[in-house]
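The values are calculated or read from the model by the stated rules, or taken from the named source; none is laboratory data. The structure displayed is predicted, hence computed values, not measured ones. Cβ: placed from backbone, ideal geometry, glycine included. Neighbour counts: every protein chain shown. With ligands, DNA and RNA removed, areas are computed over all heavy atoms of the protein, side chains included. Shrake-Rupley method; radii C 1.70, N 1.55, O 1.52, S 1.80 Å.
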Amino acid sequence: MTDVVHIRHITEADWDGIVAIESRAYTALGLSEGRAALRSRAEISPGTCFVLDVGSGPAGYLLALPYPALSYPSLERMEVVAPPQPAPATRNLHLHDIVVEEGLRGRGLGQRLLHHFTLTARARGYERISLIAVGRSDTFWSARGYTAHPGISPGGYGANAVYMSRAVPTDLGAQPEPTGVVPRGLSVPTKRADPRVPCP
């Protein structure tokens, strides 16, 4: 048996599902933001935020927004939506959040979502992607080309948070398409230091 996979932009109808997925992933870590903050991040840059559908409904999401290099969104406040600009004010795109439902991890779905996002970043003229690795997930992101910036201590993201970035790759090689099928069944756990961290 297989499930159809589709990556698309977020619609109004998706927010209940996104908030539920985010809450399940981050509440135990003390990092859950809530609906208003999540929406404010997506409203800054709807073209760089996505939902991952598997079968009949949302199974994950990705939120990214332009943010100055070496800085990051505060989890304690919402973003302020500025008027649209013809080109990014910064060439840095901050990958704020990527989550795949726990029961579906280890099937390559997060890799599809990340690949789709990276293609989008390149097509929109971004030069770098930044993120904050939480819960000792920095080794996961290091394996994907991200490097740590030791001089930055991301406040509010937990004791082991690490600010990381990488150049947007010019050659992404052969990667899975954003749509397709994946087998149903038991998933293989993704290797990471803390299994509670919602890495894809």
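Details
- Residue under evaluation Ala69, criteria (1) under 25 Å from Val168 (Cα atoms); (2) open to solvent by less than 30 Å² (accessible area, probe 1.4 Å); (3) modelled with pLDDT under 95, criterion not met: (2)
- Note on the stretch 52-66: among residues that are in contact (Cβ under 8 Å) with a residue 12 or more places away in the chain and open to solvent by 40 Å² or more (accessible area, probe 1.4 Å), the one that is nearest to the chain's Cα centre (by Cα) is Pro58.
- Top-ranked residue in the stretch 1-53 [being in a strand (DSSP E or B) and not hydrophobic (A, V, I, L, M, F, W, C); ranked as nearest to Arg112 (Cα to Cα)]: His6
- Filter pass, Gly151 being closer than 20 Å to Ser32 by Cβ and open to solvent by 40 Å² or more (accessible area, probe 1.4 Å): no
- Where strands (runs of 3 or more DSSP E) fall wholly inside the stretch 116-200, the ranges with 1 or more residues that are touching a strand residue (DSSP E or B) at 6+ places or on another chain (Cβ under 9 Å), at pLDDT 95 or above and of a type in the set (A, V, I, L, M) are 128-133, 162-167.
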